[in-house]
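K.L.:
If you scroll down you'll find the structure; I have some questions about it.
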Amino acid sequence: MGVSGNIRMYPIYTKGAALTPNAASSSPDRQEYLSFDITHITWKMGSRKAGKVCDSISTQESDLQCYRKQSQSARIGFEIPVINLWEVDGPGRLDVVSRVLSAASEVGFFQVVNHGIGRELLERMLESNWTFHEMERELRASYYSRDPEKKVRLSSNFDLYRSKYANWRDTLVCVMGPQGLGPLELPPVCRDVIMEYSKAVKALGMTLFELLSEGLGLERNYLKDMECGKGHAILCHYYPPCPEPHLTMGTTRHSDPAFLTILLQDNMGGLEVLYRDRWVKVLPLPGALIVNIGDLLQLLSNDVYKSVVHRVRANLVGPRLSVAFFFRHYLWPSTRKYGPIKEILSEHRPALYKEITIDDFSDEYYSRGLGDKRKSVLEHFRLQT
């Protein structure tokens, strides 16, 4: 299948022009908008049996062998790299740095195993995600909001009034920093595990920023000192069963508006990466976490690291659960400018992008809808040569 294939997504409206909420109130399609908004938070979700909890923090070799065997049947000469972090603080660190550099520059997507976060916590995070989205209508509705200033909110299709099509997904958004989020602001059913997961994955993110810094030939703390890991948000995605998955997407094609993303997915599958004009499946690997380079890190690295386009397919069965951990400044006024890192530039490799603020990038990104066919947000800030 090509980049767009034959897939179409359920339309939100039919008149062709993206609307704002105010415009929707006076539009002939007002009821279609409002109906979608209300129905999506009041779906009676299906049930999901709890998976078996494993206490091991290690990824067994048998799991890796099974993953590679499945990948062989799902790929054409390629599989998403899997990087073992077991030696990250030992004599094998240089090899880990080399593998991270290769994966981040060639693919922009990789899985990490033996990352130090126990499977029991990963399972509890997925279960709490399911528990929240399976709550009674009234309880879930109390968190529903389209106010981007709210640190904790349930949403569906952030680009509802800008995109022509709706994605088959609901999301609990939890903005954890830079400004601290108090535990009492989180839903009680997932409060404790989100706080624990936030701390654990942030620590993993700091390790990854170190490896990515070293991959660029910089000091270990370079990207951390640039405050790439200063803020983060946790997005708990819930993809309900879709009666016509061939007509829609769980999440349409996009790249991430962040420095770095760490993703936890269940065993349903559906995530795909666009690699050399082919969609490649990111198969679930027990105990692994998925790492992908965000747009902002591609800008900082001057295209050394790649922010790759990816998507999630809708599925007839489900729900599919995932938890995305985005490293980016949220709700944090800052005039700091980010541009290609000067230490990696040269006469033969000049800067490819303008210096911008996080707000500059966010304004451009969120002015569009996912799957926007115009040039990418990064291209908007690329210097003319």
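The values are calculated or read from the model by the stated rules, or taken from the named source; none is laboratory data. Predicted model, so just to flag it, every value in this text is computed and none were measured. Positions of Cβ are backbone-derived with ideal geometry, glycine not excepted, and every protein chain shown enters the neighbour counts. Accessible surface is based on the protein model in full, side chains and every heavy atom, while ligands, DNA and RNA are left aside. Shrake-Rupley method; radii C 1.70, N 1.55, O 1.52, S 1.80 Å.
K.L.:
Could you please find all residues in the range 321-348 being open to solvent by 30 Å² or more (accessible area, probe 1.4 Å) and touching a Pro at 6+ places or on another chain (Cβ under 7 Å)?
P.N.:
Listed by number, the list holds a single entry, Trp332.
K.L.:
Looking at (1) under 16 Å from Leu264 (Cβ atoms); (2) free of Cβ contacts under 8 Å to residues at least 12 places away in the same chain, which is the only condition Gly116 fails?
P.N.:
Just one mismatch for Gly116, condition (2).
K.L.:
Looking only at the range 293-318, filter to residues that are out of contact with any Leu (no Cβ under 7 Å at 6 or more places or on another chain) and in a strand (DSSP E or B); which one of those is nearest to Leu208 (Cα to Cα)?
P.N.:
Result: Arg311.
K.L.:
Only one residue in Gly217, Gly318 is open to solvent by 10 Å² or more (accessible area, probe 1.4 Å), touching a strand residue (DSSP E or B) at 6+ places or on another chain (Cβ under 8 Å) and not basic (Lys, Arg), so which one is that?
P.N.:
Details: Gly217 fails: touching a strand residue (DSSP E or B) at 6+ places or on another chain (Cβ under 8 Å).
Exactly one of Gly217, Gly318 is open to solvent by 10 Å² or more (accessible area, probe 1.4 Å), touching a strand residue (DSSP E or B) at 6+ places or on another chain (Cβ under 8 Å) and not basic (Lys, Arg), namely Gly318.
K.L.:
Hey, which of the helices (runs of 4 or more DSSP H) in the range 79-142, taking only ones fully inside, have at least 2 residues that are within 24 Å of Ala200 (Cα to Cα) and β-branched (Val, Ile, Thr)?
P.N.:
Filter on the range 79-142 gives 93-106.
K.L.:
Name the one entry in Pro178, Pro183 that is surrounded by fewer than 20 Cβ atoms within 10 Å (Cβ to Cβ), in contact with a Lys or Arg (Cβ under 6 Å, 6 or more places away or on another chain) and either at pLDDT below 90 or basic (Lys, Arg) (or both).
P.N.:
Pro178
K.L.:
Please go through the range 249-281 and give me each residue that is surrounded by fewer than 21 Cβ atoms within 10 Å (Cβ to Cβ) and not in a strand (DSSP E or B), ordered by number.
P.N.:
Result: Pro257, Asn267, Met268, Gly269, Arg276, Asp277.
K.L.:
Residues that are aromatic (Phe, Trp, Tyr), open to solvent by 10 Å² or more (accessible area, probe 1.4 Å) and touching a residue at least 24 places away in the same chain (Cβ under 8 Å): does the range 360-367 have at least one?
P.N.:
yes
K.L.:
What is the residue count in the range 268-283 for residues that are modelled with pLDDT of 95 or more and over 15 Å from the mean Cα position of the chain (by Cα)?
P.N.:
0
K.L.:
Test Cys236 against the stated conditions and say whether it is closer than 23 Å to Tyr365 by Cβ, open to solvent by less than 20 Å² (accessible area, probe 1.4 Å), in contact (Cβ under 8 Å) with a residue 60 or more places away in the chain and not polar (S, T, N, Q).
P.N.:
So Cys236 passes the test.
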